[in-house]
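Colleague: Just dropping this structure here.
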Amino acid sequence: MDVQKVLKEINTDVRAQIGEFEGRVADYIPALACAPEDGFAMAVYDINGNVFEVGDISTTYTIQSISKILTLTLALQRYGDSLWARVGKEPSGTAFNSLTQLEFEKGIPRNPFINAGALATCDALYSRLSAPTFHMLETFRKLSGNGRISINTDVARSEFEHGHRNAAMAYLMKSFSNFDNNVEDVLKAYFSFCAIEMNTRELARSFGFLANRGRDIHSGDIIIDAKQNSQLNSLLFTSGLYDASGDFAYRVGMPGKSGVGGAIVAFVPDRFSVAVWSPKLNKYGNSSAGLYALEQFADRLSLQLF
Ligand code: GLU
């Protein structure tokens, strides 16, 4: 199977229609609005450590909601199944930043990949780590293979200044006794996680453990135990792409996670971690060109799990 050849073909195909993909760059966080509309990159890490890549591979961007995978990983390491008393495992069927469901369901977010669920998970982590942002950054530095990965402080600040919905969710959870720490402190940590910046190769490498039974591809270190890794993949399959997770499962057939910075990561167990980036988002907040590229990748290499 010639992965590099397939990526090259997809790059040519995407480039030819890059202006035609639906949607627009996220602008509800002002600092994200200047992302290049026609940017595109894709990288594949196989579990033997081989990397294949095309497009604007050295362009960096903030990973946004994709950080929620690592927040959950670190929280599961510390809490195990008791974490599920605070956050559910079901698809939400509502937007990633919806408040209404949280009110109806008494402050228990549907899953850890919508904003409310990630905030509850982040709050749990905050209770167990003395320096959560530093810990998260260090973990990404190790996983990505780039010791200089950093937080885009302009984006983190912009998110904090415009993060009223996220603050509302956190306070609503606090009113239901599902939030332990100071809301502003946890929001700052959450926005810093979202504003961690890297390129597409580093993104694919960082999450390689999800395709590798929970072990880092390069060091062999256990990032999460094999059973939890399989559970995490299952949750990503059902809830990783907000209220378009069903469509992603149908079109791409892999577990994955998107972020409003325009990146998506997806996993083929025991084979690959794949990352794609293109900042124009559809109405669900998912990269339009990224979805197309992943669908092509899955089709051309017959990678759908079912
Ligand atoms: N930082 C973003 C927010 O909290 C993350 C959203 C996303 O990527 O889905 O709104």
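Colleague: Would you pick out the residues in segment 169-185 that are away from the ligand (no atom under 12 Å from the Cβ) and of a type outside the set (S, T, N, Q)?
Modeller: Y171, L172, M173, K174, F176, F179, D180, V183, E184, D185
Colleague: Conditions first: (1) surrounded by 16 or more Cβ atoms within 10 Å (Cβ to Cβ); (2) closer than 23 Å to A263 by Cβ. V186 passes all but one, so which condition is the exception?
Modeller: For V186, the failing item is (2).
Colleague: Would you mind finding the one in F113, F40, F52 that is aromatic (F, W, Y), within 16 Å of the ligand (Cβ to nearest atom) and surrounded by 20 or more Cβ atoms within 10 Å (Cβ to Cβ)?
Modeller: Sole residue among the options that is aromatic (F, W, Y), within 16 Å of the ligand (Cβ to nearest atom) and surrounded by 20 or more Cβ atoms within 10 Å (Cβ to Cβ): F113.
Colleague: Something else: For segment 230-245, which residues satisfy the criterion of being part of a helix (DSSP H, G or I), within 16 Å of the ligand (Cβ to nearest atom) and free of Cβ contacts under 8 Å to residues at least 60 places away in the same chain?
Modeller: Selection gives A244 alone.
Colleague: Further question on the same structure: Select from segment 186-212 the residues that are within 30 Å of N48 (Cα to Cα) and among the polar types (S, T, N, Q) and write down the one among them that is farthest from the ligand (Cβ to nearest atom).
Modeller: N212
Colleague: For segment 94-110, which residues satisfy the criterion of being within 16 Å of the ligand (Cβ to nearest atom), farther than 22 Å from A189 by Cβ and of a type outside the set (S, T, N, Q)?
Modeller: A95
Colleague: Let me ask another. Out of R213, R148, R141, R205, which single residue is surrounded by 16 or more Cβ atoms within 10 Å (Cβ to Cβ) and not in a helix (DSSP H, G or I)?
Modeller: R213
Colleague: For segment 246-301, give me every one of the strands (runs of 3 or more DSSP E) that falls completely inside it and has 3 or more residues that are surrounded by fewer than 18 Cβ atoms within 10 Å (Cβ to Cβ) and either within 13 Å of the ligand (Cβ to nearest atom) or under 14 Å from the mean Cα position of the chain (by Cα) (or both). First the steps, then the outcome.
Modeller: Values: elements: 256-258, 263-268, 272-277.
Of the strands (runs of 3 or more DSSP E) lying wholly inside segment 246-301, none has at least 3 residues that are surrounded by fewer than 18 Cβ atoms within 10 Å (Cβ to Cβ) and either within 13 Å of the ligand (Cβ to nearest atom) or under 14 Å from the mean Cα position of the chain (by Cα) (or both).
Colleague: Shifting gears a bit: Could you give me the residue pairs with C-beta distances under 8 Å whose first residue belongs to segment 173-202 and is more than 20 Å from E159 (Cβ to Cβ) and modelled with pLDDT of 95 or more, whose second residue is within 16 Å of the ligand (Cβ to nearest atom) and not hydroxyl-bearing (S, T, Y) wherever it lies, and which are 6+ apart or on separate chains?
Modeller: From residues that are more than 20 Å from E159 (Cβ to Cβ) and modelled with pLDDT of 95 or more, the pairs are N178/A120; D180/D123; T200/A263; T200/A275; T200/V276; T200/W277; R201/A275.
Colleague: Inspect segment 82-99 for any residue being modelled with pLDDT of 95 or more and in contact with a His (Cβ under 9 Å, 6 or more places away or on another chain) and give the result as yes or no.
Modeller: The answer is no, given that none of the residues of segment 82-99 is modelled with pLDDT of 95 or more and in contact with a His (Cβ under 9 Å, 6 or more places away or on another chain).
Colleague: Turning to a different aspect of this structure: Can you tell me how many residues within segment 61-93 are within 16 Å of the ligand (Cβ to nearest atom) and crowded, with 19+ Cβ neighbours inside 10 Å? Even if it seems obvious, please write down each step before you answer.
Modeller: Residues of segment 61-93 that are within 16 Å of the ligand (Cβ to nearest atom), as a first pass: 61-72, 87, 91-93.
Subsequent filtering for residues that are crowded, with 19+ Cβ neighbours inside 10 Å retains 61-72, 87, 91-92.
Result for segment 61-93: 15.
Colleague: Consider segment 207-222. How many of its residues are out of contact with any strand residue (DSSP E or B) (no Cβ under 7 Å at 6 or more places or on another chain) and in contact (Cβ under 8 Å) with a residue 12 or more places away in the chain?
Modeller: Looking only at segment 207-222, we keep the residues that are out of contact with any strand residue (DSSP E or B) (no Cβ under 7 Å at 6 or more places or on another chain), and these are 212-213, 216, 218-220.
Adding the requirement that they be in contact (Cβ under 8 Å) with a residue 12 or more places away in the chain leaves 212-213, 216, 218-219.
Number satisfying all stated conditions: 5.
Colleague: For the list (1) without any contact (Cβ under 8 Å) to a residue 40 or more places away in the chain; (2) within 27 Å of A167 (Cβ to Cβ); (3) among the polar types (S, T, N, Q), I need the number of the one condition that T12 fails.
Modeller: Of everything listed in (1) without any contact (Cβ under 8 Å) to a residue 40 or more places away in the chain; (2) within 27 Å of A167 (Cβ to Cβ); (3) among the polar types (S, T, N, Q), T12 misses just condition (2).
Colleague: Looking at the structure I just gave you, is S219 assigned to a loop (DSSP other than H, G, I, E, B) and either more than 13 Å from the ligand (Cβ to nearest atom) or within 26 Å of I10 (Cα to Cα) (or both)? Walk me through how you get there before you give the answer.
Modeller: Numbers: assigned to a loop (DSSP other than H, G, I, E, B): yes; either more than 13 Å from the ligand (Cβ to nearest atom) or within 26 Å of I10 (Cα to Cα) (or both): yes.
In short, yes.
Colleague: Then there is this: Filter segment 14-26 for residues that are of a type in the set (D, E, K, R) and surrounded by 13 or more Cβ atoms within 10 Å (Cβ to Cβ) and give the result.
Modeller: Correct list: R15, R24.
Colleague: How about segment 116-138: which of its residues are under 14 Å from N178 (Cβ atoms) and surrounded by 15 or more Cβ atoms within 10 Å (Cβ to Cβ)?
Modeller: Taking segment 116-138 and keeping what is under 14 Å from N178 (Cβ atoms), we get 116-124, 126-127.
Listed by number, the residues that qualify are A116, G117, A118, L119, A120, T121, C122, D123, A124, Y126.
The values are calculated or read from the model by the stated rules, or taken from the named source; none is laboratory data. These figures come from a predicted structure and were not determined experimentally. Using ideal geometry, Cβ is built from the backbone for each residue, glycine included, and neighbour counts are taken over all protein chains shown.
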